[in-house]
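Notes for the one structure printed next.
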Amino acid sequence: MASLTLPPAPPNPRQDAIDLQKAFKGFGCDSTTVSNILAHRDSMQRGYIQQEYKTMYSEELSRRISSELSGNHKKAMSLWILDPAGRDATVLKEALSAESLDLKAATDIICSRTPSQLQIMKQTYYAKFGTYLEHDISQQTSGDHQKILLAYVGIPRYEGPEVDPTIVTHDAKDLYKAGEKKLGTDEKTFIRIFTERSWAHMAAVASAYQHMYDRSLQKVVKSETSGNFEVALITILRCAENPAKYFAKVLRKSMKGLGTDDKTLVRVVVTRTEIDMQYIKAEYYKKYKKPLADAIHSETSGGYRTFLLSLVGSH
């Protein structure tokens, strides 16, 4: 369930473009107006506004936002105006570039997306950057981490809720044999099962594993694997069981302790607002006994804070 709130009557994209131009003009940018408009338009409406803006002012709205806003507010807004696949592709390209390498972010995006989201995003990635996502993954990763990411973006998995209990039991046994039962770990088996099975199936495997061996599959993954390979497996498993709970935890980590990991905070807020932010807020409150909006409020300031809170919504 999305947290995005839209005006009761469909807004006119041309009028929005005019109002944005007014907010940009004059001394200093009226960033509150910019946020008030764009934070309350869905992906399609934002697309129309960008077309209108370019037609009327012969300039890309994204370029204008880049020159008018600054810091985290600019980063968040620049990502927000993109369509979901374009946004994922942009974040991934940056995370897989040598000068701004962030393999954790790349792993998070890839392993928390559905097969159909990955499919569209791969096409967008190629259209936008003229290079295949698989090529960039191969360039910047290695070993089992590389193998699991390439398999995850390459294999078309089933997305429905049905599972075959016989295969579930079989997979749980195979994972036991590949991990806890043997000396060392048979990573190939983990990669095969985690990348070929649907989320519903993986959730069932985790539950069967607990039942059969009295140990959580997550704990097994943590003790049998390490580094970014472990991050990939854990992300797949957590998203299979409860994506909202997974993202609540990622948000919590980004704001816990000294300083804020704004990059992660922005990425999760802008990419989940139109998907499942209401569920994430509920999971956040359930686990940390504090509303997500309050946490964001205390970690951010100015136009950046106003914008993120407009996306997340307070209720």
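The values are calculated or read from the model by the stated rules, or taken from the named source; none is laboratory data. These figures come from a predicted structure and were not determined experimentally. Glycine also receives a Cβ, built like all others from the backbone with ideal geometry; neighbour counts cover every protein chain displayed. Please note that ligands, DNA and RNA were not included when accessible areas were found on the heavy atoms of the full protein model with its side chains. Shrake-Rupley method; radii C 1.70, N 1.55, O 1.52, S 1.80 Å.
At a 10 angstrom cut-off on C-beta neighbours, averaged per residue, how do the peptides 111-120, 281-290 rank from highest to lowest? Can you show the working numbers first?
Details: 111-120: 17.7, 281-290: 16.1.
The peptides rank, most packed first, as 111-120, 281-290.
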Cα-based Rg then Dmax for the chain, in Å, read 21.1, 69
Helix-only estimate, please: 222 nm mean residue ellipticity of the chain, summing -39500 (n - 2.57) across DSSP H runs of length 4 or more and dividing by its residues, to the nearest 500. -22000 deg cm²/dmol
For the range 212-299, the convex hull over Cα atoms projects on average to an area in nm² of 6.8 nm²
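Would you please report the Å³ per residue occupied by the convex hull of the alpha carbon atoms in the range 1-145?
Each residue corresponds to 136 Å³ of Cα convex hull volume.
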Surface accessible to a 1.4 Å probe, per residue, for the residues of the chain, Å²: 48 Å²
Once the in-chain neighbours fewer than 8 apart are removed, the lysines whose Cα is under 27 Å from residue 122 read 54, 74, 75, 93, 104, 147, 188, 245, 249, 263
What is the set of long-range amide H partners of residue 158 at a cut-off below 5 Å, with H atoms built 1.01 Å from backbone N? 198
Projecting each Cα onto the charge dipole of the range 109-227 (Lys/Arg +1, Asp/Glu -1 at the beta carbon, about the Cα centre), which of 111, 170, 123 comes out farthest on the positive side? 111
Toy charge model, Lys and Arg Cβ at +1, Asp and Glu Cβ at -1: the chain dipole around Cα centroid in debye, rounded to 20, equals 600 debye
If I take all pairs of Cα atoms in the range 165-241, what percentage of them are more than 17 Å from each other? 34 percent
Given charges at Cβ of Lys, Arg, Asp, Glu: the chain dipole, positive-most of 86, 235, 310: 310
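Taking R0 as 25 Å, what FRET efficiency do you get between residue 253 and residue 155 from their Cβ-Cβ distance, rounded to the nearest 0.05?
E between residue 253 and residue 155, to the nearest 0.05, is 0.30.
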Label points 7 Å out from Cα along the Cβ direction at residue 63 and residue 285: separation in nm? 4.4 nm
Would you mind telling me the share, in percent, of accessible area of the chain contributed by carbon and sulfur at probe 1.4 angstrom? 53 percent
